[in-house]
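Structure, as C-alpha cells:
The values are calculated or read from the model by the stated rules, or taken from the named source; none is laboratory data. The structure presented is a predicted model; accordingly, all values stated were derived computationally and were not measured. So basically every Cβ, Gly included, is an ideal-geometry build from the backbone, and we count neighbours across all protein chains shown. The accessibility values were calculated without ligands, DNA or RNA, using every heavy atom of the protein model including side chains. Shrake-Rupley method; radii C 1.70, N 1.55, O 1.52, S 1.80 Å.
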Amino acid sequence: MTEKTLTYDDLRITPADVYEQMGYHDNAPDEATRRETQAIIDEVRGWLRPAFCYFVVRELPAFDMGNIILRQLQGSEAYALFVCTAGTDYEAYQQQLNNEGDMVRVFIVDALGSVIAERCADCMEESLQESIDKLHWHHTNRFSPGYCGWHVSQQQLLFPLFGGHTCGISLTPSSLMVPIKSVSGIIGLGSCVRHLDYTCGLCDFQQCYKRKRKEAGSTAYTNR
C-alpha cells in the first residue's frame, strides 16, 4: 500500500489548465475571470493537501467492468487499485462558497477542483510507474467506475479492498465519492501493456465529459 499527501505545487497546475476545464479551450477568459482565478489559486495553494493511495494485486478482482475496459487490461501481469482526492478541506471550501452564493467563484472552484483531482491521479501514476520501473513494466490508462461501461455501483466492491485507507474518501448510498473531487479505479501493469494518449475512440458513452471536452477542443482548433 502506497499513500502520499501532496501540496498544490506538486500538481504543477497552470491557470491555462483551469481555463480549459472551464470550457475556454484555445480562448482565454476575460481579465476579471483571470484575476479571480489567480486569486483563488493563491488562496488554495497555502492549505491544499490532495492525497492518493494505491496498492497492487496479481489477480484481477471480480469486478463487472465490461468489455471495453477488459480489452484494455488484456496482457496485464498485475493491477493497481487507486484512490485520489482533492481532500476534505477543498470539499468544505466548495461548500462554503456555495452557501455564500458567489456563483462566479463557485464555477471557478468547481473547475479547479476537477483539475486538482485529475492531476493528483497523474502524480499517482508517476509514483506507480517509478515503483514498477525495476520490473521493466509499463501501465495502462486508468479506468474508473462510472465510465466505459463500468457501472458506478462497483465502487461498493472497490472501496472495501483498501481496508479503510481511502484518503478520507467515503461513498454515498448511490456510490458517489465524498469529497466529490476524487478519482478511483484500476490500472493494468505489465511488460506488454501500454498507455494510450487518446482513448475516447474506445468508448461509446456519448455523454462522457471527457469526450465532450475533446470534441469541443477539436472544434476550437479547426475553427481558429
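The table for this structure:
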{"item": "Checklist (1) open to solvent by less than 50 Å² (accessible area, probe 1.4 Å); (2) under 17 Å from the mean Cα position of the chain (by Cα); (3) modelled with pLDDT under 95; (4) more than 23 Å from PRO145 (Cβ to Cβ) applied to TYR8, failing item", "result": "(3)"}
{"item": "Complete set of residues in the range 85-96 that are surrounded by fewer than 19 Cβ atoms within 10 Å (Cβ to Cβ) and among the aliphatic types (A, V, I, L, M)", "result": "ALA92"}
{"item": "Close pairs (6 angstrom Cβ cut-off, 6 or more residues apart or separate chains): more than 24 Å from CYS167 (Cα to Cα) in the range 5-24, assigned to a loop (DSSP other than H, G, I, E, B) and open to solvent by less than 40 Å² (accessible area, probe 1.4 Å) anywhere", "result": "TYR19/PRO29"}
{"item": "Scope the range 85-111; condition touching a Lys or Arg at 6+ places or on another chain (Cβ under 9 Å) and not polar (S, T, N, Q); matching residues", "result": "ALA86, GLY87, ASP89, TYR90, GLU91, LEU97, ASP110"}
{"item": "Test: residue in the range 60-79 that is without any contact (Cβ under 8 Å) to a residue 60 or more places away in the chain and crowded, with 19+ Cβ neighbours inside 10 Å", "result": "no"}
{"item": "PHE82 vs. criteria surrounded by 19 or more Cβ atoms within 10 Å (Cβ to Cβ) and not in a helix (DSSP H, G or I)", "result": "yes"}
{"item": "Options ASP197, ASP122; residue that is closer than 19 Å to LEU73 by Cα and at pLDDT 95 or above", "result": "ASP122"}
{"item": "Tally of residues being of a type in the set (A, V, I, L, M, F, W, C) and not in a helix (DSSP H, G or I) across the range 1-31", "result": "4"}
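So that you can scan it fast, the table gives a plain yes or no per residue for (1) farther than 20 Å from VAL44 by Cβ; (2) touching a residue at least 24 places away in the same chain (Cβ under 8 Å); (3) small (Gly, Ala, Ser):
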| residue | (1), (2), (3) |
| --- | --- |
| ASN99 | no, no, no |
| ASP102 | no, no, no |
| SER114 | no, yes, yes |
| MET124 | no, yes, no |
| LYS134 | yes, no, no |
| HIS139 | yes, yes, no |
| HIS151 | yes, yes, no |
| LEU161 | yes, yes, no |
| HIS165 | yes, yes, no |
